[in-house]
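Structure first, commentary second.
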Amino acid sequence: AGLRPDTALVDKALAPFSDGLDFEWHVCQPLIDSSAVTLQNQRNWLELIIAKLPDYDGILVLHGTDTMAYTANLFALSLQGLDKPVILTGSQWPYDAANSDAPRNLATAVSAFSLNLKQVAIAFDGKLFPSVGSSKVSTETAAGFDNLHFGAL
């Protein structure tokens, strides 16, 4: 009875950024809870990113928090030599929930595109973390991720 992914939120969540950025998105079907992500799912996403990356200034991945750090690490190890950002973000609470961290996390992720990053990073709780070494550290607070090895970017 965990949270369920909702494709209807994509337009609503990205609407505040539509004036400054152009988006194209791909919604994976079927949507799955991030606790059920498999290596094959990650490989499929990686293939999609590799195919799309040359056409864009960066890639934003909206991902559930349970396995986001694992996916980010896999992407970082597989996409070495990047010349643009691949940013992953998610939220501890649903987008429409009272006091949700989702809008802030999304704003942090989108702001990363103006920083000239050339790596895979996680955007969470107003911070950007290098993917390698990052992990989920809380399921109950907005500060759900940290990188105890390298800190925030």
Just to check your reading of the model, which residue among L74, L79, L46 is out of contact with any Lys or Arg (no Cβ under 8 Å at 6 or more places or on another chain) and open to solvent by 30 Å² or more (accessible area, probe 1.4 Å)? L74
Can you tell me which residue is nearest to A109 (Cα to Cα) among those in the stretch 10-50 that are among the hydroxyl-bearing types (S, T, Y) and in a loop (DSSP other than H, G, I, E, B)? S18
Do we find that D66 is in contact (Cβ under 8 Å) with a residue 12 or more places away in the chain and surrounded by fewer than 14 Cβ atoms within 10 Å (Cβ to Cβ) in this structure? no
So I59, is it more than 20 Å from S91 (Cβ to Cβ), touching a residue at least 24 places away in the same chain (Cβ under 8 Å) and either of a type in the set (K, R) or surrounded by 14 or more Cβ atoms within 10 Å (Cβ to Cβ) (or both): no
Got a number for residues in the stretch 62-81 being outside any helix (DSSP H, G or I) and more than 19 Å from H26 (Cβ to Cβ)? 4
Residue pairs within 6 Å by beta carbon, gap of at least six or interchain, first lying in the stretch 21-43 and of a type in the set (K, R), second open to solvent by 100 Å² or more (accessible area, probe 1.4 Å), listed first then second, are none
For the condition among the charged types (D, E, K, R), out of contact with any Leu (no Cβ under 7 Å at 6 or more places or on another chain) and open to solvent by less than 80 Å² (accessible area, probe 1.4 Å), what is the one hit in K12, K52? K52
Which members of the stretch 82-107 meet the condition of being open to solvent by 30 Å² or more (accessible area, probe 1.4 Å), outside any loop (DSSP other than H, G, I, E, B) and in contact with a Gly (Cβ under 9 Å, 6 or more places away or on another chain)? R104, A107
Which of the residues belonging to the stretch 114-153 are under 18 Å from D66 (Cα atoms) and touching a Lys or Arg at 6+ places or on another chain (Cβ under 7 Å)? G144, F145
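The values are calculated or read from the model by the stated rules, or taken from the named source; none is laboratory data. Remember, predicted model here, so these are calculated numbers, not experimental data. Neighbour counts run over all protein chains shown; Cβ positions are idealised from the backbone, glycine included. Only protein heavy atoms, including side chains, enter the accessible area calculation; ligands, DNA and RNA are left aside. Shrake-Rupley method; radii C 1.70, N 1.55, O 1.52, S 1.80 Å.
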